[in-house]
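To start, the structure under review is shown below, and the notes come after it.
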Amino acid sequence: MTKQLDEFILKGQFEEAKQRAKELSQRELDEELMNIAFSDSSIANYSFIMSLLVEKETVELHDMAFRLMVNPLSYLDGAYYAALYHARRCVELTDRKEVGYLSNLLFLHTIPDSVVEEKEAYETAKRILSLDPDHRAAKEVLNRRYKPR
């Protein structure tokens, strides 16, 4: 399965890849796509997820795209900004109620490129702490004593 899915994706044969993907659970698809991306680092992996998102937008697909861009494809120019888009969509699609997706925004604030600005990180940290008062990363952001304008 993996080899055939890999070949379809790398050759841009997304319709065939989608047929193979339908045979997998969401978790299995996620694992397969991550494995493929780590082994070949092709942007085609991201394009495939985007083609799935065009057909049906789900938080799970945005999360996969986010993780592709911050892990195996992070070396690409603009990868963290693409990840930011997907992180924000995850937050929006879950009505700002999922700490894990909110935490992705804090992660993008802490990386050297810091694609999330201080004000957004501060507001995100406040929201996280309203959901999880013990969240360490959110506390660290607030402890920097950022004062919004």
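The values are calculated or read from the model by the stated rules, or taken from the named source; none is laboratory data. Computed from a predicted structure; not experimentally measured. In this analysis, Cβ positions are derived from the backbone assuming ideal geometry, glycine residues included, and neighbour counts consider all displayed protein chains. Protein only, heavy atoms only, side chains kept; ligands, DNA and RNA dropped before computing areas. Shrake-Rupley method; radii C 1.70, N 1.55, O 1.52, S 1.80 Å.
Descriptive notes on the structure:
- Test: Leu52 is out of contact with any Lys or Arg (no Cβ under 9 Å at 6 or more places or on another chain), of a type in the set (A, V, I, L, M) and open to solvent by less than 80 Å² (accessible area, probe 1.4 Å): no
- Pairs with Cβ under 7 Å, 6+ apart, first in the range 74-89 and over 15 Å from Ser47 (Cα atoms), second of a type in the set (Asp, Glu): Tyr80/Asp113
- Taking the listed residues Ser114, Ser130, the one that is open to solvent by 40 Å² or more (accessible area, probe 1.4 Å), in a loop (DSSP other than H, G, I, E, B) and more than 22 Å from Phe38 (Cα to Cα) is Ser114, with no other qualifying.
- Scanning the range 84-105 for residues that are outside any helix (DSSP H, G or I) and aliphatic (A, V, I, L, M) turns up nothing.
- Selected residue (only one of Tyr85, Tyr75, Tyr122 is under 19 Å from Leu53 (Cα atoms) and aromatic (Phe, Trp, Tyr)): Tyr85
- Looking at the range 21-74, the helices (runs of 4 or more DSSP H) lying wholly inside it that each contain 1 or more residues that are more than 17 Å from Asn104 (Cα to Cα) and not hydrophobic (A, V, I, L, M, F, W, C) sit at 26-40, 44-55.
- The residue that is farthest from Tyr101 (Cα to Cα), counting only those in the range 11-40 that are open to solvent by less than 40 Å² (accessible area, probe 1.4 Å) and of a type in the set (Gly, Ala, Ser), is Ala17.
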